[in-house]
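Presented below is the structure to which this report refers.
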Amino acid sequence: MIDQTLDMNNLEMSEKAKPLLAAVIKHIRENVDPITEEFFRLGEGRADRWSYAPGQLELLNGAKQKAREAGLWNFFLPNAETGEGLANLDYAYIAAELGKSPLAPESLNCSAPDTGNMEVLERVGTPEQKERWLKPLLAGEIRSAFAMTEPDVASSDARNISTSAVLDGDDWVINGEKFYISGAGDPRCKIMIVMVKTSPEAETFRQQSQILVPMDTPGVEILGPMHVFGHDDAPHGHMHIRFTDVRVPRENVLWGEGRGFEISQVRLGPGRIHHCMRSIGAAEKALDLMIERGLGREAFGKKIIDLGKNMETISRARIDIEAMRLMVLKAAKAMDVLGNKEARIWVSMIKALVPEKACEIIDASMQVHGATGMSQWSPLSGMYTWQRALRFADGPDEVHHQVIARAEVKAFQASNARGSGSDS
(Lines give C-alpha, C1' and ligand atoms only; values in the text may rest on other atoms or scores of the structure.)
Protein backbone atom coordinates (compact mmCIF):
# COMPACT_ATOMS: atom_id res chain seq x y z
CA MET A 1 0.00 0.00 0.00
CA ILE A 2 2.88 2.36 0.78
CA ASP A 3 4.50 1.65 -2.58
CA GLN A 4 1.20 2.38 -4.34
CA THR A 5 0.86 5.68 -2.48
CA LEU A 6 4.38 6.69 -3.45
CA ASP A 7 3.68 5.72 -7.06
CA MET A 8 0.48 7.80 -7.02
CA ASN A 9 2.48 10.87 -6.04
CA ASN A 10 5.05 10.54 -8.83
CA LEU A 11 3.45 12.82 -11.43
CA GLU A 12 6.42 13.26 -13.75
CA MET A 13 5.99 12.65 -17.45
CA SER A 14 7.84 9.59 -18.69
CA GLU A 15 11.12 10.10 -20.50
CA LYS A 16 9.81 8.50 -23.69
CA ALA A 17 6.88 10.95 -23.83
CA LYS A 18 8.84 14.17 -23.31
CA PRO A 19 10.08 14.39 -26.93
CA LEU A 20 6.49 13.81 -28.09
CA LEU A 21 5.26 16.74 -26.00
CA ALA A 22 7.96 18.97 -27.50
CA ALA A 23 6.96 17.81 -30.98
CA VAL A 24 3.27 18.53 -30.29
CA ILE A 25 4.06 22.06 -29.12
CA LYS A 26 6.16 22.59 -32.27
CA HIS A 27 3.39 21.19 -34.49
CA ILE A 28 0.77 23.51 -32.98
CA ARG A 29 3.04 26.53 -33.32
CA GLU A 30 4.16 25.82 -36.89
CA ASN A 31 1.21 23.99 -38.49
CA VAL A 32 -1.96 24.79 -36.56
CA ASP A 33 -1.72 28.35 -35.24
CA PRO A 34 -0.87 29.81 -38.71
CA ILE A 35 -4.05 28.35 -40.29
CA THR A 36 -6.55 28.90 -37.47
CA GLU A 37 -7.66 32.43 -38.27
CA GLU A 38 -8.01 31.63 -41.99
CA PHE A 39 -9.95 28.41 -41.25
CA PHE A 40 -12.64 30.29 -39.34
CA ARG A 41 -12.62 33.25 -41.75
CA LEU A 42 -13.38 30.91 -44.65
CA GLY A 43 -16.33 29.49 -42.73
CA GLU A 44 -18.02 32.85 -42.19
CA GLY A 45 -21.25 33.44 -44.09
CA ARG A 46 -21.37 30.05 -45.82
CA ALA A 47 -24.75 29.25 -47.39
CA ASP A 48 -25.09 25.85 -45.71
CA ARG A 49 -24.14 26.13 -42.06
CA TRP A 50 -23.99 22.31 -41.79
CA SER A 51 -21.12 22.02 -44.22
CA TYR A 52 -17.59 23.30 -44.58
CA ALA A 53 -16.78 26.18 -46.91
CA PRO A 54 -14.36 25.59 -49.79
CA GLY A 55 -10.81 25.57 -48.46
CA GLN A 56 -11.59 24.84 -44.81
CA LEU A 57 -11.06 21.10 -44.81
CA GLU A 58 -8.09 21.46 -47.13
CA LEU A 59 -6.37 23.61 -44.50
CA LEU A 60 -7.26 21.23 -41.68
CA ASN A 61 -6.32 18.12 -43.65
CA GLY A 62 -2.97 19.68 -44.46
CA ALA A 63 -2.23 20.06 -40.75
CA LYS A 64 -3.46 16.50 -40.11
CA GLN A 65 -1.17 15.14 -42.82
CA LYS A 66 1.84 16.92 -41.31
CA ALA A 67 0.97 15.48 -37.92
CA ARG A 68 0.74 11.94 -39.30
CA GLU A 69 4.03 12.31 -41.13
CA ALA A 70 5.64 13.42 -37.86
CA GLY A 71 4.15 10.47 -35.95
CA LEU A 72 1.84 12.70 -33.90
CA TRP A 73 -1.38 10.72 -34.14
CA ASN A 74 -3.92 8.97 -31.89
CA PHE A 75 -2.12 9.75 -28.64
CA PHE A 76 -5.22 9.13 -26.51
CA LEU A 77 -5.22 5.31 -26.72
CA PRO A 78 -3.28 4.06 -23.68
CA ASN A 79 -1.25 0.89 -24.10
CA ALA A 80 -2.84 0.14 -27.46
CA GLU A 81 -1.20 -1.12 -30.63
CA THR A 82 -3.41 1.27 -32.61
CA GLY A 83 -2.16 4.39 -30.79
CA GLU A 84 1.05 5.70 -29.31
CA GLY A 85 0.59 3.58 -26.19
CA LEU A 86 0.93 6.49 -23.76
CA ALA A 87 -0.09 6.23 -20.14
CA ASN A 88 -2.98 8.46 -19.10
CA LEU A 89 -0.49 10.60 -17.17
CA ASP A 90 1.66 11.20 -20.25
CA TYR A 91 -1.33 12.03 -22.43
CA ALA A 92 -2.61 14.45 -19.79
CA TYR A 93 0.41 16.70 -20.41
CA ILE A 94 -0.22 16.63 -24.15
CA ALA A 95 -3.97 17.28 -23.79
CA ALA A 96 -3.22 20.48 -21.85
CA GLU A 97 -1.38 21.82 -24.91
CA LEU A 98 -4.21 20.77 -27.22
CA GLY A 99 -6.66 22.77 -25.13
CA LYS A 100 -4.96 26.03 -26.09
CA SER A 101 -6.08 25.75 -29.73
CA PRO A 102 -9.52 25.00 -31.22
CA LEU A 103 -8.03 23.02 -34.14
CA ALA A 104 -5.13 21.27 -32.41
CA PRO A 105 -7.05 18.21 -31.10
CA GLU A 106 -8.45 17.24 -34.48
CA SER A 107 -5.14 17.93 -36.21
CA LEU A 108 -3.73 15.03 -34.14
CA ASN A 109 -6.94 12.95 -34.41
CA CYS A 110 -7.47 13.46 -30.67
CA SER A 111 -10.80 15.27 -30.57
CA ALA A 112 -14.00 14.33 -28.76
CA PRO A 113 -16.30 12.51 -29.14
CA ASP A 114 -14.16 10.39 -31.49
CA THR A 115 -11.55 9.67 -28.83
CA GLY A 116 -14.02 7.96 -26.51
CA ASN A 117 -15.72 6.10 -29.34
CA MET A 118 -12.41 4.86 -30.72
CA GLU A 119 -11.29 3.68 -27.30
CA VAL A 120 -14.54 1.73 -26.87
CA LEU A 121 -14.22 0.13 -30.30
CA GLU A 122 -10.55 -0.66 -29.72
CA ARG A 123 -11.27 -2.28 -26.34
CA VAL A 124 -14.56 -4.13 -26.93
CA GLY A 125 -15.34 -4.05 -30.66
CA THR A 126 -15.48 -7.21 -32.75
CA PRO A 127 -13.01 -7.61 -35.64
CA GLU A 128 -15.80 -6.73 -38.07
CA GLN A 129 -16.78 -3.60 -36.09
CA LYS A 130 -13.15 -2.51 -35.95
CA GLU A 131 -12.64 -3.00 -39.66
CA ARG A 132 -15.75 -1.07 -40.65
CA TRP A 133 -15.66 1.78 -38.12
CA LEU A 134 -12.49 1.90 -36.02
CA LYS A 135 -10.12 1.75 -38.98
CA PRO A 136 -11.47 4.90 -40.74
CA LEU A 137 -11.80 6.71 -37.39
CA LEU A 138 -8.18 5.99 -36.53
CA ALA A 139 -7.20 7.27 -39.97
CA GLY A 140 -9.13 10.50 -39.40
CA GLU A 141 -11.28 9.84 -42.46
CA ILE A 142 -14.68 10.04 -40.71
CA ARG A 143 -16.16 11.47 -37.49
CA SER A 144 -18.54 9.93 -34.95
CA ALA A 145 -21.03 10.74 -32.18
CA PHE A 146 -22.14 9.29 -28.86
CA ALA A 147 -25.90 9.39 -28.25
CA MET A 148 -26.92 9.08 -24.62
CA THR A 149 -28.73 12.17 -23.29
CA GLU A 150 -32.51 12.30 -23.69
CA PRO A 151 -34.91 15.27 -23.55
CA ASP A 152 -37.65 13.62 -21.52
CA VAL A 153 -35.74 12.02 -18.63
CA ALA A 154 -32.99 13.05 -16.20
CA SER A 155 -30.17 11.44 -18.14
CA SER A 156 -27.54 12.18 -15.51
CA ASP A 157 -28.95 8.99 -13.97
CA ALA A 158 -28.28 6.61 -16.86
CA ARG A 159 -30.79 4.14 -15.43
CA ASN A 160 -33.49 6.50 -16.73
CA ILE A 161 -32.51 6.06 -20.38
CA SER A 162 -35.73 5.18 -22.19
CA THR A 163 -34.78 4.87 -25.88
CA SER A 164 -35.61 1.23 -26.56
CA ALA A 165 -34.00 -1.45 -28.70
CA VAL A 166 -36.02 -4.62 -29.26
CA LEU A 167 -34.84 -7.70 -31.12
CA ASP A 168 -36.91 -8.55 -34.16
CA GLY A 169 -35.39 -11.55 -35.87
CA ASP A 170 -31.77 -10.64 -36.63
CA ASP A 171 -32.29 -6.88 -36.17
CA TRP A 172 -32.46 -4.44 -33.31
CA VAL A 173 -35.38 -2.03 -33.74
CA ILE A 174 -34.67 1.30 -32.02
CA ASN A 175 -37.22 3.93 -31.00
CA GLY A 176 -36.76 7.09 -28.95
CA GLU A 177 -35.17 10.54 -28.88
CA LYS A 178 -31.73 11.86 -27.98
CA PHE A 179 -30.49 15.42 -27.75
CA TYR A 180 -27.22 17.32 -27.33
CA ILE A 181 -25.54 14.71 -29.51
CA SER A 182 -22.25 16.51 -30.10
CA GLY A 183 -20.67 16.16 -33.52
CA ALA A 184 -23.75 14.70 -35.19
CA GLY A 185 -24.15 17.81 -37.35
CA ASP A 186 -20.76 17.34 -39.04
CA PRO A 187 -21.19 15.99 -42.59
CA ARG A 188 -18.21 13.72 -41.89
CA CYS A 189 -20.06 12.03 -38.97
CA LYS A 190 -20.89 8.53 -40.19
CA ILE A 191 -21.49 6.46 -37.05
CA MET A 192 -23.12 6.82 -33.62
CA ILE A 193 -22.78 4.73 -30.51
CA VAL A 194 -26.30 4.83 -29.02
CA MET A 195 -27.15 4.01 -25.39
CA VAL A 196 -30.44 2.12 -25.35
CA LYS A 197 -32.59 0.02 -23.02
CA THR A 198 -32.64 -3.56 -24.24
CA SER A 199 -33.58 -5.56 -21.13
CA PRO A 200 -36.10 -3.64 -18.98
CA GLU A 201 -36.74 -6.69 -16.78
CA ALA A 202 -33.07 -7.34 -15.98
CA GLU A 203 -31.25 -6.14 -12.87
CA THR A 204 -30.77 -2.36 -12.84
CA PHE A 205 -27.29 -2.19 -14.31
CA ARG A 206 -27.91 -4.87 -16.94
CA GLN A 207 -30.83 -3.15 -18.67
CA GLN A 208 -28.82 -0.93 -21.01
CA SER A 209 -26.74 -1.72 -24.08
CA GLN A 210 -24.71 0.32 -26.55
CA ILE A 211 -25.38 -0.22 -30.23
CA LEU A 212 -23.65 1.03 -33.38
CA VAL A 213 -26.04 3.00 -35.61
CA PRO A 214 -24.80 4.43 -38.95
CA MET A 215 -26.02 7.99 -39.49
CA ASP A 216 -27.63 7.11 -42.83
CA THR A 217 -29.82 4.33 -41.38
CA PRO A 218 -33.51 4.79 -42.34
CA GLY A 219 -35.48 6.19 -39.42
CA VAL A 220 -32.62 8.32 -38.05
CA GLU A 221 -33.98 11.87 -38.21
CA ILE A 222 -31.99 14.94 -37.19
CA LEU A 223 -34.66 17.32 -35.90
CA GLY A 224 -32.24 20.22 -35.54
CA PRO A 225 -29.40 21.61 -33.44
CA MET A 226 -29.61 22.33 -29.74
CA HIS A 227 -28.13 25.75 -29.01
CA VAL A 228 -25.55 26.42 -26.32
CA PHE A 229 -25.86 30.00 -25.04
CA GLY A 230 -27.49 30.93 -28.33
CA HIS A 231 -24.89 29.22 -30.55
CA ASP A 232 -25.57 26.21 -32.76
CA ASP A 233 -21.84 25.33 -33.06
CA ALA A 234 -22.31 24.49 -36.74
CA PRO A 235 -21.16 22.41 -38.48
CA HIS A 236 -20.14 20.29 -35.46
CA GLY A 237 -23.46 20.80 -33.71
CA HIS A 238 -25.22 19.24 -30.73
CA MET A 239 -28.14 17.61 -32.43
CA HIS A 240 -31.66 16.58 -31.45
CA ILE A 241 -32.28 13.18 -33.05
CA ARG A 242 -35.36 10.99 -33.32
CA PHE A 243 -35.10 7.23 -33.87
CA THR A 244 -38.22 5.75 -35.49
CA ASP A 245 -38.17 2.00 -36.11
CA VAL A 246 -34.45 2.20 -36.83
CA ARG A 247 -33.23 -1.28 -37.79
CA VAL A 248 -29.62 -2.34 -37.41
CA PRO A 249 -28.14 -5.86 -37.44
CA ARG A 250 -28.04 -7.82 -34.19
CA GLU A 251 -24.23 -7.89 -34.35
CA ASN A 252 -24.10 -4.08 -34.04
CA VAL A 253 -24.41 -4.37 -30.26
CA LEU A 254 -21.12 -3.62 -28.49
CA TRP A 255 -19.71 -6.26 -26.14
CA GLY A 256 -23.03 -8.03 -25.78
CA GLU A 257 -26.53 -7.21 -24.57
CA GLY A 258 -26.80 -5.56 -21.15
CA ARG A 259 -23.21 -4.28 -20.95
CA GLY A 260 -23.89 -0.58 -21.54
CA PHE A 261 -22.79 0.47 -18.04
CA GLU A 262 -19.57 -1.52 -18.28
CA ILE A 263 -18.76 0.17 -21.57
CA SER A 264 -19.35 3.54 -19.93
CA GLN A 265 -16.55 2.72 -17.47
CA VAL A 266 -14.23 2.23 -20.44
CA ARG A 267 -15.33 5.45 -22.09
CA LEU A 268 -16.09 8.10 -19.51
CA GLY A 269 -13.04 8.00 -17.22
CA PRO A 270 -10.44 8.78 -19.90
CA GLY A 271 -12.79 11.23 -21.62
CA ARG A 272 -13.20 13.26 -18.45
CA ILE A 273 -9.42 13.39 -17.99
CA HIS A 274 -9.02 14.62 -21.57
CA HIS A 275 -11.71 17.28 -21.13
CA CYS A 276 -10.15 18.55 -17.91
CA MET A 277 -6.62 18.79 -19.30
CA ARG A 278 -7.89 20.64 -22.35
CA SER A 279 -9.76 22.93 -19.95
CA ILE A 280 -6.47 23.75 -18.24
CA GLY A 281 -5.02 24.62 -21.63
CA ALA A 282 -7.96 26.94 -22.23
CA ALA A 283 -7.42 28.57 -18.83
CA GLU A 284 -3.74 29.09 -19.68
CA LYS A 285 -4.75 30.74 -22.96
CA ALA A 286 -7.24 33.00 -21.15
CA LEU A 287 -4.56 34.05 -18.66
CA ASP A 288 -2.15 34.90 -21.48
CA LEU A 289 -4.84 36.99 -23.15
CA MET A 290 -5.63 38.70 -19.85
CA ILE A 291 -2.01 39.73 -19.31
CA GLU A 292 -1.57 40.82 -22.94
CA ARG A 293 -4.67 43.02 -22.75
CA GLY A 294 -3.73 44.39 -19.35
CA LEU A 295 -0.28 45.43 -20.55
CA GLY A 296 -1.51 46.83 -23.86
CA ARG A 297 -4.24 49.22 -22.70
CA GLU A 298 -4.41 52.23 -20.38
CA ALA A 299 -7.28 53.75 -18.41
CA PHE A 300 -7.34 56.43 -15.72
CA GLY A 301 -3.67 57.09 -16.29
CA LYS A 302 -2.50 53.53 -15.65
CA LYS A 303 -2.07 50.31 -17.53
CA ILE A 304 -5.20 48.19 -17.01
CA ILE A 305 -3.08 45.50 -15.41
CA ASP A 306 -2.32 47.90 -12.53
CA LEU A 307 -5.93 48.93 -11.91
CA GLY A 308 -7.99 47.57 -9.03
CA LYS A 309 -7.17 44.00 -8.10
CA ASN A 310 -6.07 42.89 -11.56
CA MET A 311 -2.62 41.84 -10.40
CA GLU A 312 -4.19 39.72 -7.68
CA THR A 313 -6.59 38.28 -10.26
CA ILE A 314 -3.60 37.17 -12.34
CA SER A 315 -1.97 35.66 -9.28
CA ARG A 316 -5.09 33.73 -8.32
CA ALA A 317 -5.50 32.48 -11.89
CA ARG A 318 -1.97 31.07 -11.90
CA ILE A 319 -2.48 29.46 -8.49
CA ASP A 320 -5.76 27.88 -9.61
CA ILE A 321 -4.24 26.60 -12.86
CA GLU A 322 -1.37 24.90 -11.04
CA ALA A 323 -3.74 23.41 -8.44
CA MET A 324 -5.98 22.11 -11.23
CA ARG A 325 -3.01 20.68 -13.09
CA LEU A 326 -1.79 18.72 -10.06
CA MET A 327 -5.27 17.36 -9.40
CA VAL A 328 -5.73 16.21 -12.99
CA LEU A 329 -2.27 14.66 -13.19
CA LYS A 330 -3.01 12.75 -10.00
CA ALA A 331 -6.35 11.56 -11.39
CA ALA A 332 -4.57 10.40 -14.55
CA LYS A 333 -1.98 8.60 -12.45
CA ALA A 334 -4.76 6.98 -10.41
CA MET A 335 -6.21 5.58 -13.62
CA ASP A 336 -2.81 4.20 -14.59
CA VAL A 337 -2.12 2.69 -11.14
CA LEU A 338 -5.59 1.72 -9.89
CA GLY A 339 -7.62 1.33 -13.08
CA ASN A 340 -10.63 3.28 -14.36
CA LYS A 341 -13.16 1.94 -11.88
CA GLU A 342 -11.07 2.47 -8.74
CA ALA A 343 -9.96 5.92 -9.90
CA ARG A 344 -13.54 7.18 -10.34
CA ILE A 345 -13.44 9.32 -7.18
CA TRP A 346 -10.36 11.17 -8.45
CA VAL A 347 -12.00 11.62 -11.84
CA SER A 348 -15.17 12.99 -10.24
CA MET A 349 -13.08 15.43 -8.18
CA ILE A 350 -11.41 16.97 -11.21
CA LYS A 351 -14.64 17.00 -13.23
CA ALA A 352 -16.33 18.99 -10.44
CA LEU A 353 -13.37 21.33 -9.97
CA VAL A 354 -11.75 22.11 -13.29
CA PRO A 355 -14.51 23.41 -15.60
CA GLU A 356 -15.80 25.64 -12.79
CA LYS A 357 -12.37 27.16 -12.12
CA ALA A 358 -11.64 27.47 -15.84
CA CYS A 359 -14.90 29.42 -16.22
CA GLU A 360 -13.80 31.80 -13.46
CA ILE A 361 -10.44 32.46 -15.12
CA ILE A 362 -11.97 33.02 -18.56
CA ASP A 363 -14.61 35.29 -17.01
CA ALA A 364 -11.87 37.36 -15.34
CA SER A 365 -10.05 37.64 -18.66
CA MET A 366 -13.26 38.81 -20.33
CA GLN A 367 -13.62 41.47 -17.64
CA VAL A 368 -10.12 42.81 -18.32
CA HIS A 369 -10.97 42.92 -22.04
CA GLY A 370 -14.13 44.95 -21.45
CA ALA A 371 -16.92 44.63 -24.01
CA THR A 372 -14.50 43.13 -26.55
CA GLY A 373 -14.12 40.09 -24.31
CA MET A 374 -17.67 38.94 -25.03
CA SER A 375 -17.63 39.88 -28.72
CA GLN A 376 -16.74 38.05 -31.91
CA TRP A 377 -13.37 39.84 -31.85
CA SER A 378 -12.17 37.66 -29.01
CA PRO A 379 -12.12 33.86 -28.55
CA LEU A 380 -13.01 34.25 -24.87
CA SER A 381 -16.79 34.14 -25.18
CA GLY A 382 -16.65 30.87 -27.10
CA MET A 383 -14.15 29.46 -24.61
CA TYR A 384 -16.42 30.44 -21.74
CA THR A 385 -19.55 28.85 -23.19
CA TRP A 386 -17.71 25.58 -23.83
CA GLN A 387 -16.32 25.43 -20.29
CA ARG A 388 -19.72 26.26 -18.84
CA ALA A 389 -21.27 23.50 -20.95
CA LEU A 390 -18.66 21.06 -19.63
CA ARG A 391 -20.23 21.42 -16.20
CA PHE A 392 -23.11 19.39 -17.67
CA ALA A 393 -21.23 17.13 -20.09
CA ASP A 394 -20.15 13.69 -18.80
CA GLY A 395 -22.26 14.23 -15.70
CA PRO A 396 -23.31 17.50 -14.04
CA ASP A 397 -21.31 18.92 -11.12
CA GLU A 398 -23.93 17.78 -8.62
CA VAL A 399 -23.57 14.12 -9.60
CA HIS A 400 -19.80 14.24 -9.19
CA HIS A 401 -20.10 15.94 -5.81
CA GLN A 402 -22.52 13.22 -4.76
CA VAL A 403 -20.05 10.51 -5.82
CA ILE A 404 -17.22 12.16 -3.89
CA ALA A 405 -19.26 12.86 -0.77
CA ARG A 406 -20.74 9.36 -0.69
CA ALA A 407 -17.23 7.84 -0.82
CA GLU A 408 -16.04 10.21 1.89
CA VAL A 409 -18.92 9.31 4.21
CA LYS A 410 -18.38 5.58 3.65
CA ALA A 411 -14.65 5.93 4.41
CA PHE A 412 -15.45 7.84 7.61
CA GLN A 413 -17.98 5.24 8.72
CA ALA A 414 -15.60 2.39 7.96
CA SER A 415 -12.83 4.12 9.93
CA ASN A 416 -15.13 4.64 12.91
CA ALA A 417 -16.25 1.02 12.78
CA ARG A 418 -12.65 -0.17 12.88
CA GLY A 419 -11.94 2.17 15.77
CA SER A 420 -14.94 0.89 17.73
CA GLY A 421 -13.89 -2.69 17.11
CA SER A 422 -10.39 -2.13 18.49
CA ASP A 423 -11.78 -0.67 21.75
CA SER A 424 -13.91 -3.73 22.58
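Worth pointing out:
- Sole exception among (1) at pLDDT 95 or above; (2) among the charged types (D, E, K, R); (3) closer than 19 Å to R267 by Cα for R159, by number: (1)
- The range 231-283, residues that are acidic (D, E) and outside any helix (DSSP H, G or I): D232, D233, D245, E257
- Among residues of the range 205-214 being out of contact with any Ser or Thr (no Cβ under 9 Å at 6 or more places or on another chain) and in contact (Cβ under 8 Å) with a residue 40 or more places away in the chain, the one that is farthest from A145 (Cα to Cα) is F205.
- Taking the range 262-285 as the range and being of a type outside the set (D, E), farther than 30 Å from S365 by Cβ and open to solvent by 40 Å² or more (accessible area, probe 1.4 Å) as the test, only Q265 passes.
- Yes/no for G269 being at pLDDT below 95 and at positive phi: no
- Any chance D233 is over 19 Å from L137 (Cα atoms) and either among the polar types (S, T, N, Q) or open to solvent by 20 Å² or more (accessible area, probe 1.4 Å) (or both): yes
- Taking residues in the range 245-272 that are within 17 Å of A393 (Cα to Cα) and touching a residue at least 24 places away in the same chain (Cβ under 8 Å), and partners anywhere that are crowded, with 17+ Cβ neighbours inside 10 Å and among the hydroxyl-bearing types (S, T, Y), the pairs with Cβ atoms closer than 8 Å and at least 6 places apart or on different chains are P270/T115; G271/T115.
- On the stretch given as the range 99-115, residues that are open to solvent by less than 10 Å² (accessible area, probe 1.4 Å) and within 22 Å of A334 (Cα to Cα) total 2.
- Residue within the range 318-338 that is over 26 Å from Y93 (Cβ atoms) and open to solvent by 50 Å² or more (accessible area, probe 1.4 Å) present: no
- Of all residues in the range 292-306, those that are surrounded by 13 or more Cβ atoms within 10 Å (Cβ to Cβ) and part of a helix (DSSP H, G or I) total 6.
For (1) modelled with pLDDT of 95 or more; (2) open to solvent by 10 Å² or more (accessible area, probe 1.4 Å); (3) closer than 30 Å to V337 by Cβ; (4) aromatic (F, W, Y), each residue gets a yes or a no:
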residue	(1), (2), (3), (4)
I2	no, yes, yes, no
M8	no, yes, yes, no
K16	no, yes, yes, no
R29	yes, yes, no, no
S51	yes, yes, no, no
E58	yes, yes, no, no
F76	no, no, yes, yes
E84	no, yes, yes, no
E97	yes, yes, yes, no
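- Residue check for V166: in contact (Cβ under 8 Å) with a residue 60 or more places away in the chain and either among the β-branched types (V, I, T) or out of contact with any Lys or Arg (no Cβ under 7 Å at 6 or more places or on another chain) (or both): no
- Residue ID - nearest to K100 (Cα to Cα), chosen from residues in the range 360-398 that are of a type in the set (G, A, S) and in a loop (DSSP other than H, G, I, E, B): S378
- Of all residues in the range 133-157, those satisfying the criterion of being closer than 17 Å to E221 by Cα, open to solvent by less than 20 Å² (accessible area, probe 1.4 Å) and not in a loop (DSSP other than H, G, I, E, B) are S144, A145, A147.
The values are calculated or read from the model by the stated rules, or taken from the named source; none is laboratory data. Every value quoted in this text rests on a predicted model; they were computed, and no experiment measured them. Note: ideal-geometry Cβ built from the backbone for every residue, glycine included; neighbour counts use all protein chains shown. Heavy atoms of the whole protein, side chains included, go into the accessibility calculation; ligands, DNA and RNA do not. Shrake-Rupley method; radii C 1.70, N 1.55, O 1.52, S 1.80 Å.
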